[in-house]
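The structure under discussion appears below in the form of structure tokens.
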Amino acid sequence: MQKRYIWTAITLTTCITMAQAMPVLAGRIIGHASANYATTQNVSTDFNFLGSEMYTYQKMEGDINLLKQKYEGVTSDSIGTTPDGRNMYRITIGNKDAGKKILVVGAIHAREYITTPLVMRQIKEMLDKRDEGDKSLDEVCIEYIPMVNPDGVAISQSGINGLNKEESKKKLQEIIDSWSEWGLKENQDKYNWFLNKWKNNLNGVDINHNFPTQGWKDRADSRKRPSNEHYKGPSAGSESETQYLINLVNNEKFAAVLNYHAQGQIIYWSNQHASAEVAAKDKAMADIVVSHTGYKLVSPEADGSKYGTGFKDWLDWEKGIPNVTVEVGIGTSPVPETQIENIWQQNKGVLPDIVKYVLGK
Ligand SMILES: [Zn+2]
């Protein structure tokens, strides 16, 4: 049974802003709704990502298969299996032998799963352009990881029953129990809040705080142990999801990375440890995103990169790979699916222009 929790949004925060020392209830539950697709076989012949239902791992799997049926030159594989037994799917299009490769990722943070249908739709966008005569994909290879954190997405969307393995459910229950001081047992709203706001992986680690930069040991950690958000992990690069992304980047040597988070309609582009050359490319990519979306640039003084341990920080600081982090949606995550179409209207055209930029056109 798929269940979801709907929250009133009374604060506007972004996923990368400084951690709160203690949880603040973002609102109270205004309703539980059972998604209506749980009991019927999904036989849709059109893409789930064009709809406005909660976008699950299963819907993504269906769409990956449909992309391969409908378009030439689409391949998919898994770059790793998560602790609860899900694939970190990679979809690849374009010229696999091209000198330039681009990576697009979504849903590193679980509750930001609205980014997954956006990234999926960007695959279709590039393929449609190709079929209309655009030649960009002859010269570039694009790899997409639409859901970096599928175990966490399952927790945010469906709670403990969203997990596959008994040992996973036990692990999640232990994390919940370890925060009993917050009244999670006594108060159903708080319990639901804790899971609905799940940002981390199954181990209770924020993958986007776990990258092995030189700043990891000094990075502030407001939780210091497995939790639903912010915990940076027991050691730098400790998490399998982190390692899969690291291995992918080391193998593929991407020319650029487009990294989607939610929410705030802002763009993190800088990193104080990036070389001038990489920073200039980061900024050029950010300007492309601004030209389509109108989102605001986060100032370098406020980007939190001093001890940054996110994917962006690692790419800028340790790998010298230009990249930009785009925060889509408004309100609080999980942002409602009613925003999907608006997010798409803002972001369509971003990736084709990033491709042109990388190709020097
Ligand atoms: Zn995020």
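The values are calculated or read from the model by the stated rules, or taken from the named source; none is laboratory data. In this text, all values refer to a predicted model and were calculated from it rather than measured experimentally. A quick note on method: Cβ atoms are made from the backbone with ideal geometry, for glycine too, and the neighbour counts reach across all protein chains shown.
For this structure, a couple of remarks:
- Annotation: ALA280 fulfils all but one of (1) in contact with a Gly (Cβ under 8 Å, 6 or more places away or on another chain); (2) more than 14 Å from the ligand (Cβ to nearest atom); the unmet one is (1).
- When ASN208, ASN187 are checked against the criterion of being among the polar types (S, T, N, Q), within 24 Å of VAL119 (Cα to Cα) and either more than 17 Å from the chain's Cα centre (by Cα) or within 16 Å of the ligand (Cβ to nearest atom) (or both), a single residue qualifies: ASN208.
- Scanning the range 256-277 for residues that are aliphatic (A, V, I, L, M) and either within 16 Å of the ligand (Cβ to nearest atom) or surrounded by fewer than 20 Cβ atoms within 10 Å (Cβ to Cβ) (or both) yields VAL257, LEU258, ALA262, ILE266, ILE267, ALA276.
- Whichever residue in the range 290-348 is within 16 Å of the ligand (Cβ to nearest atom), hydrophobic (A, V, I, L, M, F, W, C) and closer than 19 Å to ILE114 by Cα and, among such residues, is surrounded by the fewest Cβ atoms within 10 Å (Cβ to Cβ): ILE330
- Residue match in the range 238-259 (condition: touching a strand residue (DSSP E or B) at 6+ places or on another chain (Cβ under 8 Å) and of a type in the set (Val, Ile, Thr)): yes
- Residue count for the range 62-72, restricted to those that are surrounded by fewer than 18 Cβ atoms within 10 Å (Cβ to Cβ) and of a type outside the set (Ser, Thr, Tyr): 6
- Filter result for ILE91 (within 16 Å of the ligand (Cβ to nearest atom) and more than 13 Å from the chain's Cα centre (by Cα)): no
Yes/no matrix, rows are residues, columns are (1) in contact with a Gly (Cβ under 7 Å, 6 or more places away or on another chain); (2) over 18 Å from GLU327 (Cβ atoms); (3) of a type in the set (Lys, Arg):
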{"site": "SER235", "(1), (2), (3)": "no, yes, no"}
{"site": "ALA255", "(1), (2), (3)": "no, yes, no"}
{"site": "GLY264", "(1), (2), (3)": "no, no, no"}
{"site": "GLN272", "(1), (2), (3)": "no, yes, no"}
{"site": "HIS292", "(1), (2), (3)": "yes, no, no"}
{"site": "VAL298", "(1), (2), (3)": "no, no, no"}
{"site": "TYR307", "(1), (2), (3)": "yes, yes, no"}
{"site": "PHE311", "(1), (2), (3)": "no, no, no"}
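- Residue within the range 62-72 that is in a loop (DSSP other than H, G, I, E, B) and either modelled with pLDDT under 95 or out of contact with any Gly (no Cβ under 9 Å at 6 or more places or on another chain) (or both) present: yes
- Against the conditions (1) outside any loop (DSSP other than H, G, I, E, B); (2) out of contact with any Leu (no Cβ under 6 Å at 6 or more places or on another chain), VAL104 satisfies every one except (2).
- Looking across the range 211-232, the residues that are of a type outside the set (Ser, Thr, Tyr), within 16 Å of TRP314 (Cα to Cα) and more than 16 Å from the ligand (Cβ to nearest atom) come down to PRO212, GLN214, GLY215, TRP216, LYS217, ASP218.
- When LYS135 is tested against (1) among the basic types (Lys, Arg); (2) within 16 Å of VAL355 (Cβ to Cβ); (3) within 16 Å of the ligand (Cβ to nearest atom), just one condition goes unmet, and that condition is (3).
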